[in-house]
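Okay, structure first, notes after.
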Amino acid sequence: MTQLSPHEAYAGSDGPPVKISLPDAEEIYPSVYAIPFSRAGNLILVKAKADTTEGNFILDTGCPHLVLNATYFRHYPVQESEGDGNGATAGTFSIQHTRVADFSFGTNHFYQVDADLTDLGSIENSRGIKLLGLIGVELLRKFEMIIDYENNLIYLHRLDRKGTSVFEQDQLADTSAYQVIPIRIMDSRIMVETMVGGKKLRLIIDSGSEANLLDSRLPERVFAEVSITGRTTMMGVGGKKIDVLKGELNTLHIGGVDIRQMKVLVTNLEKTCFSHAGCVDGVLGFDFLSLKKIGFNFVKNKMFVWK
Amino acid sequence: MTGQKKYNMRKRWKVSILALGLLMLNHMALAQDTIKVCTVKNGQQYIWLSKNLPDWELNAFISQFSLEGLALKKFIQSGFTDSILLGGWKIGLNNSSQFTISKPLLSFDRVDDPTLRLILAEKDVSFDARFPRISNQLQFGYNQFRKKSTFPIYQDSTVLFYLRDHKNANQVMLAGSFNNWDPATLMMKRTDSGWILPVKLLPGKYWYKFIVDGKWMIDNDNDVQENDGLGNTNSIFFVPNHVFRLKAKEGSRKVIVSGSFNGWNEGQLNLQKQNGEWVLPVYLAEGTYTYRFIVNGQWMEDPSNPDHFPNEFGEYNSVVRIGTPMLFQLDGYPTANRVFLSGSFNNWSDYEVALRKTPGGWEVPYILGPGNHEYRFLIDGKPDSAQNHSLILDPNFTFRSKAFKHAKTVYLAGDFNKWSPTMLPMKRIGEEWVVDVHLSKGKHLYKFIVDGEWVLDPANKLWEDNEEGTGNSVLWVE
């Protein structure tokens, strides 16, 4: 018997491309959809159906595109391309893609959506959840999105090109209830400017990150605001050991609001530099997001943080 | 951590940072008696310690910052630097009263890879997976309380949760794995000594916290706690299903129970004296266990328990059985002297479980928990067959394959049988190879072994990569 690698033996088929839908999405007003979510740890999980396979997607604003778990999608038509790492990363790796014929919820359809295929098995194993993939920022860009952690609901409101909509979302009517903070979309990531220890920091808003991250290479005046409370070692690629420091950030200044005593992980983010837009200084994850109700208008580049 | 402690730590840390700055400028040692700092400086993790820290303070620091591998005590006592340097640390300042060490913080490769990023920023696993009442990982558990006795448990399996003191509180709520950590449903009642609430719970493991006037707190009188890796700690309560008892004799000062359920640990399980007897309630998962008491350092059988197995010292170990027994039977062998049951469940012991002779052969009742087990009979020392027998308790899933038409043998191996290549032979039924197994809820990885060759399940499109790059088939049990 000749031993084929599983990649050869179970190569992609020429069958019809996949259709994915979010069956729990409900239209509560014309063009406003409410999607209930559950949580695995602090991750936002949305129920989905890919052809006949049922499972979950993580709503992951730290992820630019749609990502599909290779376990469930590799037998669909697959194309390969060379990735070149990002920024400072040396070396190439092969990226597999597939195309989703129709990604839909309610009457919203996205046709011919490109998706990266990657192995999310280790997340499934550690979380005990069946994970079909990650919903990234690209799919959300035509919407106003409100994540209501208290009621476990995501509201998605289709916008026209100017970012205004025919029907104002009820929740945004009382403008005194929330703070508006400008955001920028860089390489399909949500970037926000913040201030720590008098230094401007560019942080990514990442609902797929349960912790907040700070780059260890930031200047000392930033770390004067951080009390380091612990240290842990994690396994990187190829068994390389990576040290991560745990700490508490005294004050983060964001859009006129001071957020105090926020937990952070400190690690070297050298390799988070994106090809065109440069590096980020850190990530605001669930510890930040769950503090408030939070919303985004991706057309007008605004973030809403409820008081 | 209390607010007060937090404040002190921050204050001390700030003082220390100021001192660090001065130190850097002046290259002079400051008269600081207890410096213990971990900080980040120029992309490096930076540690600054006094050499005269009290032992407990140094130990706490080492454990807080996971510095166990650096032999810091040896360095302080005798200048031993090998472990520090081998760990990739550089020694900076080093004088008679203090020292600094530093090490670069390395970068994750491709931290924007979704898997790596999610794992890096990962906090905890899913709810059910994190707080299971009963799980294959949990063989036994016990409670340890100080200043108050363990929560009383009534006949109908009601546990009376009790928070001591807090008499000035306006409201105390109880939240835990038994109510999905809902902070609003279980309101405790005020008593003259604290707060109580009865909750009906089946035997098993539970995580809980009290919420006193809105503030979450662990049970400070309960020594059994678990950190979720986030700095968040919960109290643990085991609802017991067995009590170890020994009549108190004069002169017995210390009674310990040690057994197969805790790896025969001799220092873990102290019995408490209560109304003239020593007792220890425990939770034990379904199965058969052996144990002995250690009274004032002397090992002994449980005198009140007639159920026992011989041990390797020619004496006996007492036996506790939880669950419903099944009968192991072996036909024939009328002339054999002794027959033993030996299996994955008793460490393949060849002297522990003896079968008794019956008119038609041999038999013994024995209790095993759900799972995929393996065993053989030893007839006067010789196994009854060349292959071990597999025993699947609570089979709830059937693996089938129509591939491998010309194969001579097909086995199934996976995480559910520790990837044993010979334990789960598949049977050919018509065109199919078939085997029944017990699978817990959740995700499982498996492969077939066809005429000695490990292969993925050709009929299952789902597989994920493994370390060898050969893949494992993936299956979900809902």
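The values are calculated or read from the model by the stated rules, or taken from the named source; none is laboratory data. The structure presented is a predicted model; accordingly, all values stated were derived computationally and were not measured. Neighbour counts run over all protein chains shown; Cβ positions are idealised from the backbone, glycine included.
For the stretch B:74-105, which positions are among the hydrophobic types (A, V, I, L, M, F, W, C) and within 29 Å of A:ASP215 (Cβ to Cβ)?
Matches in the stretch B:74-105: B:ILE84, B:LEU85, B:LEU86, B:TRP89, B:ILE91, B:LEU93, B:PHE99, B:ILE101, B:LEU105.
Only residues that are crowded, with 18+ Cβ neighbours inside 10 Å, touching a helix residue (DSSP H, G or I) at 6+ places or on another chain (Cβ under 9 Å) and either more than 7 Å from every other protein chain (Cβ to nearest Cβ) or closer than 14 Å to B:LEU412 by Cα (or both): list them for the stretch B:455-464, please.
Hits for the stretch B:455-464 are B:VAL455, B:LEU456.
Take the residues in the stretch A:81-120 that are touching a Phe, Trp or Tyr at 6+ places or on another chain (Cβ under 8 Å), among the polar types (S, T, N, Q) and modelled with pLDDT of 55 or more, then tell me which one is nearest to A:TYR155 (Cα to Cα).
So, considering only residues that are touching a Phe, Trp or Tyr at 6+ places or on another chain (Cβ under 8 Å), among the polar types (S, T, N, Q) and modelled with pLDDT of 55 or more, the one nearest to A:TYR155 (Cα to Cα) is A:ASN108.
Quick check on B:ILE84: is it more than 11 Å from chain A (Cβ to nearest Cβ) and either modelled with pLDDT of 90 or more or farther than 30 Å from B:PHE244 by Cβ (or both)?
Against the criterion (more than 11 Å from chain A (Cβ to nearest Cβ) and either modelled with pLDDT of 90 or more or farther than 30 Å from B:PHE244 by Cβ (or both)), B:ILE84 qualifies.
Taking the residues in the stretch B:77-94 that are among the aliphatic types (A, V, I, L, M) and not in a strand (DSSP E or B) as candidates, determine which candidate is surrounded by the most Cβ atoms within 10 Å (Cβ to Cβ).
Ranking the qualifying residues of the stretch B:77-94, first place goes to B:ILE84.
Output the number of the condition that B:LYS408 fails; it satisfies all remaining conditions of (1) surrounded by fewer than 22 Cβ atoms within 10 Å (Cβ to Cβ); (2) in contact (Cβ under 8 Å) with a residue 24 or more places away in the chain; (3) under 14 Å from A:GLY121 (Cβ atoms).
(3)
Going residue by residue through the stretch B:53-76, is there one that turns out to be over 34 Å from the mean Cα position of the chain (by Cα) and surrounded by fewer than 16 Cβ atoms within 10 Å (Cβ to Cβ)?
Checked the stretch B:53-76: no residue is over 34 Å from the mean Cα position of the chain (by Cα) and surrounded by fewer than 16 Cβ atoms within 10 Å (Cβ to Cβ).
B:GLU467 passes all but one of (1) more than 8 Å from chain A (Cβ to nearest Cβ); (2) buried (at least 17 other Cβ atoms within 10 Å of the Cβ); which number fails?
The failed condition is (2).
Return the total of residues in the stretch A:232-276 being among the charged types (D, E, K, R), modelled with pLDDT under 85 and not in a loop (DSSP other than H, G, I, E, B).
4
For the stretch B:424-443, give me each residue that is closer than 24 Å to B:GLY369 by Cβ and basic (Lys, Arg).
B:LYS441, B:LYS443 - these are the residues of the stretch B:424-443 that are closer than 24 Å to B:GLY369 by Cβ and basic (Lys, Arg).
Please pick out the residue among B:LYS36, B:LYS73, B:LYS41, B:LYS51 that is within 10 Å of another protein chain (Cβ to nearest Cβ) and modelled with pLDDT of 80 or more.
Only one candidate qualifies: B:LYS41.
For residues that are surrounded by fewer than 22 Cβ atoms within 10 Å (Cβ to Cβ) and closer than 19 Å to B:THR39 by Cα, tally how many sit in the stretch A:202-217.
Of the residues in the stretch A:202-217, 1 are surrounded by fewer than 22 Cβ atoms within 10 Å (Cβ to Cβ) and closer than 19 Å to B:THR39 by Cα.
Could you please find all residues in the stretch A:109-150 being without any contact (Cβ under 8 Å) to a residue 12 or more places away in the chain and away from every other protein chain (no Cβ under 14 Å)?
Answer for the stretch A:109-150, where residues must be without any contact (Cβ under 8 Å) to a residue 12 or more places away in the chain and away from every other protein chain (no Cβ under 14 Å): A:HIS109, A:TYR111.
Looking only at the stretch A:37-63, filter to residues that are surrounded by fewer than 20 Cβ atoms within 10 Å (Cβ to Cβ) and under 16 Å from A:VAL113 (Cα atoms); which one of those is nearest to the other protein chains (Cβ to nearest Cβ)?
A:ASP51
Return the residue satisfying two criteria in turn: it lies in the stretch B:147-180 and is assigned to a strand (DSSP E or B) and β-branched (Val, Ile, Thr), and of such residues it is farthest from B:SER193 (Cα to Cα).
By that ranking, first place goes to B:THR158.
Which condition from (1) at pLDDT 90 or above; (2) away from every other protein chain (no Cβ under 13 Å) is the one that B:TRP89 breaks?
For B:TRP89, the exception is condition (2).
Give me a count of the residues in the stretch B:356-400 that are in contact with a Lys or Arg (Cβ under 9 Å, 6 or more places away or on another chain) and assigned to a loop (DSSP other than H, G, I, E, B).
Within the stretch B:356-400, residues that are in contact with a Lys or Arg (Cβ under 9 Å, 6 or more places away or on another chain) and assigned to a loop (DSSP other than H, G, I, E, B) number 7.
Run down B:LEU391, B:LEU475 and say which single residue is farther than 30 Å from A:LEU132 by Cβ, touching an Asp or Glu at 6+ places or on another chain (Cβ under 9 Å) and among the hydrophobic types (A, V, I, L, M, F, W, C).
After applying the criteria, what remains is B:LEU391.
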